[in-house]
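Undergrad: Below is one structure. I have some questions about it.
The values are calculated or read from the model by the stated rules, or taken from the named source; none is laboratory data. For clarity, every value in this text was computed on a predicted model and none was experimentally measured. Glycine also receives a Cβ, built like all others from the backbone with ideal geometry; neighbour counts cover every protein chain displayed. The protein model used for the area step is the full one, side chains on, heavy atoms only, and it has no ligands, DNA or RNA in it. Shrake-Rupley method; radii C 1.70, N 1.55, O 1.52, S 1.80 Å.
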Amino acid sequence: MHEVMSLEEVEKILEDTKEAIEYQKQIDDLLAGCLKEEDEDAVLAELETLTQGEDTALSELPTDPPPAAPEGGTEIKTEREMLVA
C-alpha cells in the first residue's frame, strides 16, 4: 500500500473526509431545523435575494391521458436480475 500512496496523500484524504463529515453535519442540522435565530434570518434573507424578481407561478399540468402500456405489460427487473441476464 505504501507504494501506491504516500503518507501525505493519506493525510490529505483523511483531512478531506473530516471536512466532508463536518459539512454533512451542518446540512443535517439545517434539515433537522436546528437553526439559531440569526441563522434563520440569514437563510430567509438569502432566499429572498434568490427569489426576488422571479415569476413564481406554477406551470400548467398536462391534461392528456398517459399513453397505454405496451402489450404484455412492462416487467420491472431487480438489479440482481439485470446482472444475471
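Undergrad: Hey, GLU81 hits all of (1) of a type in the set (Asp, Glu); (2) modelled with pLDDT under 80; (3) open to solvent by 100 Å² or more (accessible area, probe 1.4 Å) but one; which does it fall short on?
TA: (3)
Undergrad: State which residue pairs qualify: first residue closer than 17 Å to GLN26 by Cβ and inside the range 37-52, second residue open to solvent by less than 90 Å² (accessible area, probe 1.4 Å) in any location, beta carbons under 7 Å apart, and separation of 6 or more residues or different chains.
TA: VAL43/LEU35
Conditions tested, residue by residue: (1) of a type outside the set (A, V, I, L, M); (2) assigned to a helix (DSSP H, G or I); (3) modelled with pLDDT under 85; (4) in contact with a Gly (Cβ under 9 Å, 6 or more places away or on another chain).
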{"site": "MET5", "(1), (2), (3), (4)": "no, no, yes, no"}
{"site": "THR17", "(1), (2), (3), (4)": "yes, yes, no, no"}
{"site": "ALA20", "(1), (2), (3), (4)": "no, yes, no, no"}
{"site": "GLY33", "(1), (2), (3), (4)": "yes, no, yes, no"}
{"site": "GLU38", "(1), (2), (3), (4)": "yes, yes, yes, no"}
{"site": "ALA45", "(1), (2), (3), (4)": "no, yes, no, no"}
{"site": "PRO62", "(1), (2), (3), (4)": "yes, no, yes, no"}
{"site": "GLY73", "(1), (2), (3), (4)": "yes, no, yes, no"}
